[in-house]
């Protein structure tokens, strides 16, 4: 009886731990529709997309989408030019943005205003409630000009574009909802790399499961260059799982005491 009680307790603890962790696998897909390997190479992300790598998003918006990240809690993924090639894109495939894609220069004259044609837009799906860390960095693997380094900035929005009027070839505000004529995007937060730095990170706590949009580009400096985006989706403990785990421990202590009294 003592062994059976401990066995049941272990099973319950396993259930509790399972509730606190996402079981699905993350994946990145790249949109090769509009890829241009000319003088200023870069993926355009025209829609409807032609996706390679991970599963394609169920996306019907008008706003361009260069890549798609499906993230489960407890996973990490990196969006990059090299990973796009490995996923089946053209051997010269490059993710690149302009120096003012997120913030125009001078910033004092154009506060919180970026140039849409110099930006890239990515789609994100969170499978569970997540503490999400996003790091956007200059990618040293730029194939055509290794000396070109972007000073990045990015903004995260909740939701995907659901409208039909979005147009990326215009200026936009990187801190307001529904940029570039989109519909259904709610601004959450954003930041740009400081002078002399080539990466920027932000942590978004307790993001609900669902769809999100990332807009990134140069922060009023640097050059036209390649970038990478690193995601770490940390699981958020569920209150119910914590309560269940505590209840299991209390139950095990009680079983041990009762059996000890019987054996005595």
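Taking the condition at pLDDT 80 or above and more than 27 Å from residue 57 (Cα to Cα), does residue 195 pass?
Taking the combined requirement at face value, the residue satisfies it.
Any idea which of (1) farther than 23 Å from residue 192 by Cα; (2) touching a helix residue (DSSP H, G or I) at 6+ places or on another chain (Cβ under 9 Å) is the one residue 128 doesn't satisfy?
Residue 128 satisfies every listed condition except (2).
Which condition breaks for residue 142 when tested against (1) buried (at least 16 other Cβ atoms within 10 Å of the Cβ); (2) at pLDDT 90 or above?
It is condition (2) that residue 142 fails.
Out of all the residues in the stretch 87-109, which are farther than 21 Å from residue 198 by Cα, surrounded by fewer than 17 Cβ atoms within 10 Å (Cβ to Cβ) and touching a residue at least 12 places away in the same chain (Cβ under 8 Å)?
Scanning the stretch 87-109 gives 88, 90, 92.
Taking the criterion of being farther than 19 Å from residue 117 by Cβ and in a loop (DSSP other than H, G, I, E, B), would at least one residue in the stretch 209-221 satisfy it?
There is at least one residue in the stretch 209-221 that is farther than 19 Å from residue 117 by Cβ and in a loop (DSSP other than H, G, I, E, B).
The values are calculated or read from the model by the stated rules, or taken from the named source; none is laboratory data. These numbers were taken from a predicted model, which means no experiment stands behind them. Using ideal geometry, Cβ is built from the backbone for each residue, glycine included, and neighbour counts are taken over all protein chains shown.
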